[in-house]
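What follows is calculated from the coordinates using simple rules that are stated; it is not laboratory data. What you are looking at is a predicted structure, and each value in this text was computed from that prediction instead of being measured. Cβ sites come from the backbone with ideal geometry, for glycine too, and all protein chains shown count toward neighbours.
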Amino acid sequence: MTEGYVRVLAFGPIAEAIGSRTSKFEWRENLSIEDIVRELELGHWLGQGLAVALNGERCPVDVHCQRGDEVALLPPVSGG
């Protein structure tokens, strides 16, 4: 069985860019968080401080996802 999904949570300007705070991404073998980011056309965020979490734990973007995982895409935080 190779079908399944990864749930993607997006926040702030990232959610605005993809048009939703939550979405489902079709899982495939060797799917990394970086693959998801690039396929959502958010690759430019990789050099701008994008933080990611897998199942609630911060992690690097090269981590591979499993069916049913939850990936959070967190824009950099700024303040004054």
Placing +1 on each Lys and Arg Cβ and -1 on each Asp and Glu Cβ in the chain, then taking the dipole about the Cα centre, the residue among G49, V61, G4 whose Cα reaches farthest towards the positive end is G49
Cα extents of the stretch 5-74 per principal axis, largest first, Å, are 27, 21, 21
Between A17 and H64, the two model label points (7 Å from Cα along the beta-carbon direction) sit apart by a distance in nm of 2.6 nm
Note, the stretch 10-20: 3J(HN,Hα) by Karplus (6.51, -1.76, 1.60, θ = phi - 60°), whole Hz, Gly/Pro = x, goes 10, 10, x, x, 5, 4, 4, 5, 9, x, 6
Given Cβ charges of +1 for Lys and Arg and -1 for Asp and Glu, the option among W27, A72, L40 whose Cα lies farthest towards the positive end of the dipole of the chain is A72
Given GluC sites (Glu not before Pro), DSSP loops and at most 12 other Cβ atoms within 10 Å, the longest exposed-site-free stretch of the chain is 42-80
Magnitude of the Cβ-charge dipole (Lys and Arg +1, Asp and Glu -1) of the chain about the Cα centre, nearest 20 debye, reported as 220 debye
